[in-house]
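K.L.:
Just dropping this structure here.
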Amino acid sequence: MIIGIGTDLIEIKRIANTRKNRTAERIFTEEELRQASDKDSMLAGDFACKECVVKCFGIGFTEGIRPADIEILRNEKGKPYVVLHGKALEKYEELGGKNILVSITDTKDLVSAMAVMEG
């Protein structure tokens, strides 16, 4: 059963700006920053996925959920997957979540993502 669906579109340069003013350390986990290295498009995709996940929850970044509570990692083939922490994990469990699927695509300037939460 689908519990929620979320989509997001973000300009890559918006994330590039977070690296300049050190906001990235509040938004992304150490592992996300390590995996992305210097690829702003990858971090933009991660952030878009984070937005998609809270849209699946139906609440956005409220109820104490922080962007770093939603971690977007990649498997050995580059496929993104979600790891939840803190308040995001609590909300997921409260809603009866069993799985979150995410997909990311990008162009030179934009990144789009979608998420589907199953229960």
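K.L.:
In the stretch 90-118, how many are of a type in the set (A, V, I, L, M, F, W, C), without any contact (Cβ under 8 Å) to a residue 60 or more places away in the chain and over 21 Å from L43 (Cα atoms)?
P.N.:
0
K.L.:
Here's a follow-up. Return the residue satisfying two criteria in turn: it lies in the stretch 20-37 and is under 23 Å from D109 (Cβ atoms) and either among the hydrophobic types (A, V, I, L, M, F, W, C) or touching a residue at least 24 places away in the same chain (Cβ under 8 Å) (or both), and of such residues it is surrounded by the fewest Cβ atoms within 10 Å (Cβ to Cβ).
P.N.:
Among residues in the stretch 20-37 that are under 23 Å from D109 (Cβ atoms) and either among the hydrophobic types (A, V, I, L, M, F, W, C) or touching a residue at least 24 places away in the same chain (Cβ under 8 Å) (or both), the one surrounded by the fewest Cβ atoms within 10 Å (Cβ to Cβ) is L33.
K.L.:
Let me ask something additional. Can you pull out the residues in the stretch 7-19 that are surrounded by 12 or more Cβ atoms within 10 Å (Cβ to Cβ), part of a helix (DSSP H, G or I) and not aliphatic (A, V, I, L, M)?
P.N.:
Those that are surrounded by 12 or more Cβ atoms within 10 Å (Cβ to Cβ), part of a helix (DSSP H, G or I) and not aliphatic (A, V, I, L, M): R14, N17, T18, R19.
K.L.:
Provide a single number: the residues in the stretch 1-17 that are in contact (Cβ under 8 Å) with a residue 12 or more places away in the chain, within 20 Å of D109 (Cβ to Cβ) and of a type outside the set (D, E).
P.N.:
So the answer is 8.
K.L.:
Considering E32, E71, which residue is in contact with a helix residue (DSSP H, G or I) (Cβ under 7 Å, 6 or more places away or on another chain), outside any helix (DSSP H, G or I), closer than 24 Å to G4 by Cβ and not β-branched (V, I, T)?
P.N.:
E71
K.L.:
Still on this structure, I have one more. Checking the condition under 19 Å from I10 (Cα atoms), in contact with a strand residue (DSSP E or B) (Cβ under 6 Å, 6 or more places away or on another chain), surrounded by 16 or more Cβ atoms within 10 Å (Cβ to Cβ) and at pLDDT 95 or above, which residue from V54, V102 passes?
P.N.:
Checking each option against the conditions leaves just V102.
K.L.:
If the requirement is being surrounded by fewer than 15 Cβ atoms within 10 Å (Cβ to Cβ), modelled with pLDDT of 95 or more and touching a strand residue (DSSP E or B) at 6+ places or on another chain (Cβ under 9 Å), which of these qualifies: G45, G96, G4?
P.N.:
Going through G45, G96, G4 in turn, the sole match is G96.
K.L.:
Scan the stretch 53-72 and tell me whether some residue there is in contact with an Asp or Glu (Cβ under 8 Å, 6 or more places away or on another chain) and under 18 Å from T107 (Cβ atoms).
P.N.:
Looking through the stretch 53-72, none of the residues is in contact with an Asp or Glu (Cβ under 8 Å, 6 or more places away or on another chain) and under 18 Å from T107 (Cβ atoms).
K.L.:
Given (1) assigned to a helix (DSSP H, G or I); (2) under 14 Å from the mean Cα position of the chain (by Cα); (3) over 18 Å from G96 (Cα atoms), where does C56 come up short, assuming only one miss?
P.N.:
Here C56 clears every test but (3).
K.L.:
State which residue is nearest to A36 (Cα to Cα) when the search covers only the stretch 69-93 and only residues that are among the charged types (D, E, K, R), more than 9 Å from the chain's Cα centre (by Cα) and surrounded by 14 or more Cβ atoms within 10 Å (Cβ to Cβ).
P.N.:
Top of the filtered list is R74.
The values are calculated or read from the model by the stated rules, or taken from the named source; none is laboratory data. Since the model is a prediction, treat every value here as computed from it, not as a measurement. Every residue, glycine as well, gets a Cβ built from its backbone with ideal geometry; the counts of neighbours run over all protein chains shown.
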